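**Student:** Please read through the structure below; I'll follow up with questions.
All of the numbers you see were taken from the coordinates with simple rules; none came from a lab. Because the structure is a prediction, the values reported are computed rather than measured. Ideal geometry is used to build each Cβ from the backbone, glycine not excepted, and the neighbour counts take in all protein chains shown.
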Amino acid sequence: MSDTSMEKVIPGNRPSLPPPVTESGVLGWMRHNLFSNWWDTLLTLAAIYILYLVIPPFLNWAVFDAIWQFSPEVVQDGKQPQFADCTAISSGACWIFVRARFWQFIFGFYPDEERWRVVLTFILLVGSVYGLLSQRVANKKPVAIFFFVIFPFLAFFLLHGGLGLPEVPTSRWGGIMLTLIIAGIGILFSLPLGILLALGRRSQLPIVHLLCVLFIEFARGVPLVTILFMANIMLPLFLPPQFEPDILLRILVGVTMFASAYMAEVIRGGLQALPKGQYEGAMAMGLGYWQMMRLVIMPQALRVAIPGIVNNFISLTQDTTLVAIVGLYDFLNIVRAGSRDSNWIGTEMEGYVFCAFVYWVFCFAMSRYSMHIERKLHTGHKRH
Amino acid sequence: MSNAQPAAGEMIVTDEVMIQLAGVNKWYGQFHVLKEIDLTVMKGERIVICGPSGSGKSTLIRCINRLEEHQRGKIMVDGVELTHDLKNIEKVRREVGMVFQHFNLFPHLTVLENLTLAPIWVKKVPKREAEETAMHYLNRVKIPEQAQKYPGQLSGGQQQRVAIARSLCMSPKVMLFDEPTSALDPEMIKEVLDVMIELAQSGMTMICVTHEMGFARTVANRVIFMDRGEIIEQNEPEEFFNNPQSDRTKLFLSQILHH
């Protein structure tokens, strides 16, 4: 016993001490997560070995040995660059391919002199979405009116033409632009449709319930590829030729239907997570059905369902690649077509890696944003 | 414990009928949960309903604002009959406040927003005015400083007081309490009962399902004992506790009072 501990410890006055060093910090973390027993240690070492086998060769190919630009003598006399010029220099990735095709990957076959219209639409879209979601914008009403009422028409005329702008048929749309249009419209429409379908499925009215169940189970029971084929081939058979809608429009309807069925089920899960008391509390206050749903139930159900909803958004974004089978040139398809060009035969690897990277950036951004929203909406609620 | 409760004297029972149940029956599937219930509640009455679990007491008060539907009989609340007519149901719910065992506050809204939601959307009160009313009632339940917090950040007793204030913001004519203290930790029961006692003294018509017999003695002018879907016995609190008539009431009282 040392002299310093002579002070008497009064019960109820013990100070809070920091935890032992082995339980906290980097060492504690490693001990807990990487080397807690011999089996974990073995797995950790095996994982490190696999990473060692995979990462360095990939980095060599994609970064260190890669060719980012040609020296001037290779491209003299206005000669088109090609894959053979790359292979002559190095075995690394030939990013010249992506650079040569970059604008086509973004705009598809949209005419050069009209591309500003796509850029303007995109800027308006990003601006108004930022205005809707940001906390820095206090008055969201004008932004909402612009986005939900004016923007759809504006976007249509800008992208498609009319009102004095030359027409650009949807067959010339492609690349990232087309991918974002399909994913964006799918996301924008599938959420409200999904909410209505989920409410309908839980409705006490037998006809509403039955129709919603039929729709959801049909759309979920059929692969998206089938829906796209049906929209592409079967729909025109039932419609008189003069009413034949644009192929992109048919695809958009098909994708939205498909996505809203999945969305409905995710939101239904959120609804079922709410205790019955929330409905009773709202009803006892005299709120009507739609008021109760809008003010009390949906805000909570959607919060619970955020991970599932964003999961749907992400898979919808990736499912847009399936429109290739009905002949549309979305981002993946146009990159693939690019590497089939006789100048660039052999660049599939570069194309796919570039595609994967771009899709990953989009989807990872959505994922991070959803986590941010979840944290923001957390109000310390404990469920009974 | 004499009956010299000064507060009780101030509480006036009028001869105006507030709620009337006549021959009310209800079934859950095959289970006959309410059997021929007749009950008349005057304006200003404070009624405590007790009885063993499953006796139908919660179901009974939940029929009064139609959270549960009765299948036979007639329920009138302040002159409005409860039928399938949605207009009547919403009219009754606007005038009948309810406090639940598990509070049922809206966790995604702040305390203040919980209190102003129904006045703003149901009664179309301007937001500023609704907030003033809300602060008035938060003062009355003694937690004005919690207005900007979320329900999840409050203790059980505080949450239940917020729930009472939330109902009062609709200026109801009747308050229903469905076991308001059963989910609370012991040290929080008193703060909720104090608010309820004060409410009773202000002349509110109240029906409380509760096993707080001290509360029943203090404020109730009538205690009702239910068992197996029937009203077995009802009386003034002194008579009810000191001189119960039926064997089932005696057994029930001995079980809840002697432990």
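**Student:** Which residues in the range A:192-209 have a backbone N closer than 20 Å to a point placed 7 Å from the Cα of residue A:377 along the Cα-to-Cβ line?
**Tutor:** Those under the cut-off are A:192-202.
**Student:** Scan the range A:130-181 for trypsin sites (Lys or Arg not before Pro) in coil per DSSP, keeping those whose Cβ has at most 16 other Cβ atoms within 10 Å, and list them by number. Please list the in-between numbers first.
**Tutor:** Details: sites: A:136, A:140, A:172; in loops: A:136, A:140.
Taking the range A:130-181 and a limit of 16 other Cβ atoms within 10 Å, the loop trypsin sites (Lys or Arg not before Pro) found are A:136, A:140.
**Student:** Restricted to Cα positions, what overall size does chain A have along the principal axes? Three whole-Å values, descending.
**Tutor:** Largest to smallest, the principal-axis extents are 91, 66, 42 Å.
**Student:** Sticking with this one: Please give the FRET efficiency for residue B:90 paired with residue A:244, using the beta carbon to beta carbon distance and R0 = 41 Å, rounded to the nearest 0.05.
**Tutor:** 0.25
**Student:** Number of Lys-Lys pairs in chain A under 26 Å by Cα, sequence gap 8 or more or different chains?
**Tutor:** Total qualifying Lys-Lys pairs in chain A comes to 4.
**Student:** Take every residue in peptide A:275-282, count the Cβ atoms of other chains within 10 Å of its Cβ, and give the average of those counts.
**Tutor:** Mean number of neighbouring Cβ atoms from other chains: 6.
**Student:** I've got another one for you. Which one, B:56, B:39, B:144, is farthest towards the positive end of the dipole of chain B when Lys and Arg carry +1 and Asp and Glu -1 on their Cβ?
**Tutor:** B:144
**Student:** Can you tell me the FRET efficiency between residue B:12 and residue A:202 if r is taken as the Cβ-Cβ distance and R0 is 56 Å, rounded to the nearest 0.05?
**Tutor:** On the way: r = 46 Å, r/R0 = 0.82.
Result of the calculation: an efficiency of 0.75.
**Student:** Based on the inverse mean of 1/r over its pairs of different Cα atoms, what is the Kirkwood hydrodynamic radius of the protein assembly as shown, in Å?
**Tutor:** 30.9
**Student:** Using +1 at the Cβ of each Lys and Arg and -1 at the Cβ of each Asp and Glu in the protein assembly as shown, identify which of A:313, A:211, A:86 lies farthest towards the dipole's positive end.
**Tutor:** A:211
**Student:** How far apart, in nanometres, would the label points at residue B:80 and residue A:91 be if each is projected 7 angstrom from Cα along the Cα-to-Cβ direction?
**Tutor:** Spacing of the two 7 Å Cα→Cβ label points: 8.3 nm.
**Student:** Using a 7 Å offset from the Cα along the Cα-to-Cβ direction at both residue B:228 and residue A:103, what is the distance between the two label points in nm, to one decimal?
**Tutor:** 8.9
**Student:** Which whole number gives the average count of other chain Cβ atoms within 10 Å of the Cβ atoms across peptide B:100-111?
**Tutor:** Mean partner shielding for this stretch: 6.
**Student:** Between 0 and 90 degrees, rounded to the nearest ten: what's the tilt of helix B:156-168 against the longest Cα principal axis of chain B?
**Tutor:** 80
**Student:** Moving on to the next point. List the lysines whose alpha-carbon lies under 29 Å from that of residue B:250, not counting same-chain residues fewer than 8 positions away?
**Tutor:** Residue B:250 reaches B:26, B:35, B:57, B:190.
**Student:** How high is the relative contact order of chain B, given as a whole-number percent (alpha carbon pairs under 8 Å, six or more residues apart)? Could you put the intermediate results ahead of the total?
**Tutor:** Details: 457 pairs, mean separation 65.8, N = 259.
About 25 percent, as a whole number.
**Student:** Could I ask something else about it? Counting other Cβ atoms within 10 Å, keep those with at most 16, restrict to DSSP loop, and tell me which trypsin sites (Lys or Arg not before Pro) in the range B:121-159 are left.
**Tutor:** B:123, B:124, B:142
**Student:** Something else about it: Subtracting the Cα-Cα distance from 0.36 nm times the residue separation, let me have the gained length for residue B:30 to residue B:197 in nm, one decimal.
**Tutor:** 56.2 nm
**Student:** Residue A:209 to residue A:229: extension gain in nm, 0.36 nm per residue of separation minus the Cα-Cα distance? Walk me through the numbers on the way to the answer.
**Tutor:** Details: separation 20, 0.36 × 20 = 7.20 nm, distance 2.81 nm.
Extending this stretch completely gives an extra 4.4 nm.
**Student:** Continuing with the same structure: Looking only at Cβ-Cβ distances, which cysteines of chain A have no other cysteine closer than 4.7 Å?
**Tutor:** A:212, A:355, A:363, each lacking another Cys Cβ under 4.7 Å.
**Student:** Extent of the range B:31-135 along each principal axis, from alpha carbon coordinates, in Å, largest to smallest?
**Tutor:** Extents along the principal axes: 46, 29, 27 Å.
**Student:** Excluding residue B:119 itself, calculate the net charge of residues whose Cβ lies under 14 Å from the Cβ of residue B:119, where each Lys or Arg counts +1 and each Asp or Glu counts -1.
**Tutor:** Values: positive: B:93, B:94, B:123, B:124, B:127, B:128, B:166; negative: B:95, B:113, B:129, B:131, B:132.
Cβ neighbours under 14 Å give a net charge of +2.
**Student:** To continue, here is another question. Need one word for the range A:259-369: rounded, prolate or oblate. Basis is the Cα gyration tensor (sqrt eigenvalues a ≥ b ≥ c); a/c below 1.5 gives rounded, then a/b vs b/c decides.
**Tutor:** prolate
**Student:** Right, here's the next one. In the range A:113-167, what is the volume of the convex hull around the alpha carbon atoms, normalised per residue and reported in Å³? Display every interim value, and only then the final one.
**Tutor:** Numbers: hull volume 3.6 nm³, N = 55.
Once divided by residue count, the hull of the range A:113-167 is 65 Å³.
**Student:** Over what distance in Å are the Cα centres of the range B:112-182 and the range B:45-104 separated?
**Tutor:** 20
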